[in-house]
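The values are calculated or read from the model by the stated rules, or taken from the named source; none is laboratory data. Since the structure is predicted, the reported quantities are computational estimates derived from the model, not experimental observations. Here the Cβ positions follow ideal geometry from the backbone for every residue, glycine too, while neighbour counts run over all protein chains shown. Remember, those area values only see protein heavy atoms, side chains included, never the ligands or the DNA or RNA. Shrake-Rupley method; radii C 1.70, N 1.55, O 1.52, S 1.80 Å.
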Amino acid sequence: MVSPSLLLSAPSASDGELQVPASTAPSGLCQVLLGRLSGGEHSTEARGGVRWAAGMVKASFRLVSLLSASLATSGCLLYGARSWDPSDFGAVRIGRAVLTTAVVTCDYLVTLRNVPPDAEEYPAIKSQPSDVFAHFEETPLGAASLAQVHRAVLHDGRTVAVKVQHPKVRQQSARDIRIMEVLLRAVKKVFPQFEFMWLVEEAKKNLPRELDFLNEARNAEKMTAMVRRFPFLRIPKIHWDVSTERVLVMEYVEGGQANDRQYMERNRIDVNQVSRALGQLYSEMIFVHGFVHCDPHPGNVLVRQSEGGSGPELILLDHGLYQELTDHFRLNYCRLWQALLAADMRGIRTYSQRLGAGDLYPLFACMLTARSWDSVNRGIDRGAASAEEVTEIRSNAAAYLPQISQLLSSVPRQMLLLLKTNDLLRGIETALHSSAGASSFLSMSRCCVRALARHRRMTASSLWSYARISISESLRLGQLQLYEFLLWARSFSMGRWLGSFVHWISRSLH
């Protein structure tokens, strides 16, 4: 469709009518009319016509102003003084409707008006998808800011999900980034203590990747190869032959959203198993491979009962946004989490500072774990956060906003998407009310042990060093297996002494 900013196809000037650019209407139309009437001979009739036209314009503006004021007043009276959302004003609602109608009408005038529905050009303009799909559902299954997904059937009978990028999202997103940059620079001028320019830098880097659907397809296949050892994970297959940068065709897979507890109860899916599976998957991505899916919101993580009924199956969607971690960052992040799980204050300080936290390392530890500093000192594996601790964290988040801003601007950019990912995963666990915290920590510990041992083996100077590292890794993984068994035994209330022994084992593992 042709953009409304192009010229309207009006009759020619030789017929006594005008050709008016859409970008000048309506005020530009008034100027053109006045200029046309005042040209030629300066007769009394022409001057009278000018005065009449000017009077009509002024009367029209007065009418529009009065109408806008009355509609805005009606919006205030209807919705009350407590709601001051601009969308509540009648003038805004009517303005939006008028603008939408004008855009659609303009597209019709410049594109389809002179093309009969039975002409050969009409199907080409209308762009039917029947050449690729035997059936295409026009109503989308879901829509987001960049694209929407439709269900379709290929000519060979396979049902697929078709992700279609919105037509003008590339141009609009570029403008949005420029506007965001201007606004953040203005905020920086007014509030120098707030450092949020990293938002623009990350958007400039990540948005082009998300808009390239072929890049998303490559990420999906790379992740499939990396985590194929997990039987509970399903990543839809890509149909490369009918996919492009703006249209991605993939296998259609159904499931409930990962935060839908009622769906899981109806389908007899154990929410604790779902939380454990998510913990295993993301620990493997972060600590072992350094290739992390950074958009695990509930719409991108589906859950269903496996065909054999052996447990839940996770379906991971939307592979446009990934973070690749450098080995230096990944290994320091492994060591930091080991220190956090062991309540090792010296290690927390050392590895937090290596990751750019500086003297704000206590705040950094609290942000990573979503726990208070007292809980970090006691050990985050000792128990879940209480209601009082959650309230304390929320109040401190507001009080320490300048320090949080400073910290986010100083840590490596790799950390920013990891913090977002951690928050999204915690949101899913909170919605499920799961009790898989200890199991998640065990998954993290195993992955940290494997990642660090693999790095030491790669840098081993002799065969004996290589063998010693492998034996040490096996012993530590065996200790973690024993710890998991003791946790399971403690769940049957086998005595206070067993709880103390479990805690001692936990401290000795790190």
| task | Filter the range 248-258 down to residues that are of a type in the set (A, V, I, L, M) and in a strand (DSSP E or B), then give me how many there are. | result | 3
| field | Cross-chain or 6+ apart pairs with Cβ under 7 Å, the range 393-404 first and under 19 Å from residue 190 (Cα atoms), then open to solvent by 70 Å² or more (accessible area, probe 1.4 Å) and at pLDDT below 80 | value | 402/193
| message | Filter the range 127-158 down to the residues that are open to solvent by 60 Å² or more (accessible area, probe 1.4 Å) and polar (S, T, N, Q) and list them by number. | response | 127, 128, 130, 139, 145
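Yes/no per residue for (1) over 22 Å from residue 296 (Cα atoms); (2) of a type outside the set (A, V, I, L, M, F, W, C):
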{"position": "181", "(1), (2)": "yes, yes"}
{"position": "184", "(1), (2)": "yes, no"}
{"position": "212", "(1), (2)": "no, yes"}
{"position": "224", "(1), (2)": "no, yes"}
{"position": "228", "(1), (2)": "no, yes"}
{"position": "252", "(1), (2)": "no, yes"}
{"position": "261", "(1), (2)": "no, yes"}
{"position": "266", "(1), (2)": "yes, yes"}
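Listed here are the residues, each with its yes/no results for (1) at pLDDT 90 or above; (2) not in a loop (DSSP other than H, G, I, E, B).
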residue	(1), (2)
173	no, yes
178	no, yes
183	no, yes
188	no, yes
192	no, no
200	no, yes
206	no, yes
217	yes, yes
| remark: Contact list, first residue from the range 203-214 and open to solvent by less than 20 Å² (accessible area, probe 1.4 Å), second anywhere and of a type in the set (D, E, K, R), beta-carbon distance below 9 Å, six or more apart or interchain, is 211/170; 211/245; 211/246; 213/163; 213/245; 213/246
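If only one of 250, 264, 223 is within 19 Å of the chain's Cα centre (by Cα) and open to solvent by less than 70 Å² (accessible area, probe 1.4 Å), which one is it?
Values: 250 fails: within 19 Å of the chain's Cα centre (by Cα); 264 fails: within 19 Å of the chain's Cα centre (by Cα).
Exactly one residue qualifies, and that residue is 223.
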| request: Considering every residue within the range 259-269, establish whether at least one is part of a strand (DSSP E or B) and touching a residue at least 60 places away in the same chain (Cβ under 8 Å). | output: no
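Quick one: which residue in 404, 380 is surrounded by 14 or more Cβ atoms within 10 Å (Cβ to Cβ) and not in a helix (DSSP H, G or I)?
Values: 404 fails: not in a helix (DSSP H, G or I).
One residue alone meets the criteria, 380.
Just give me the residues in the range 407-435 being in a loop (DSSP other than H, G, I, E, B) and either open to solvent by 20 Å² or more (accessible area, probe 1.4 Å) or over 20 Å from residue 376 (Cβ atoms) (or both), in sequence order. Break it down into steps so the answer makes sense when it comes.
In the first step, residues of the range 407-435 are kept if they are in a loop (DSSP other than H, G, I, E, B); the result is 411-412, 433-435.
Hits for the range 407-435 are 412, 433, 434, 435.
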| Checking residue 444 against (1) at pLDDT 85 or above; (2) surrounded by 19 or more Cβ atoms within 10 Å (Cβ to Cβ), which test does it fail? | (1)
| message | I'd like to know if the range 395-414 contains one or more residues that are within 25 Å of the chain's Cα centre (by Cα), at pLDDT below 85 and among the β-branched types (Val, Ile, Thr). | response | no
| Out of the residues in the range 274-326 that are part of a strand (DSSP E or B) and acidic (Asp, Glu), which is surrounded by the fewest Cβ atoms within 10 Å (Cβ to Cβ)? | 324
| Quick one: which of 266, 276 is over 18 Å from residue 323 (Cβ atoms), out of contact with any Leu (no Cβ under 7 Å at 6 or more places or on another chain) and at pLDDT below 90? | 276
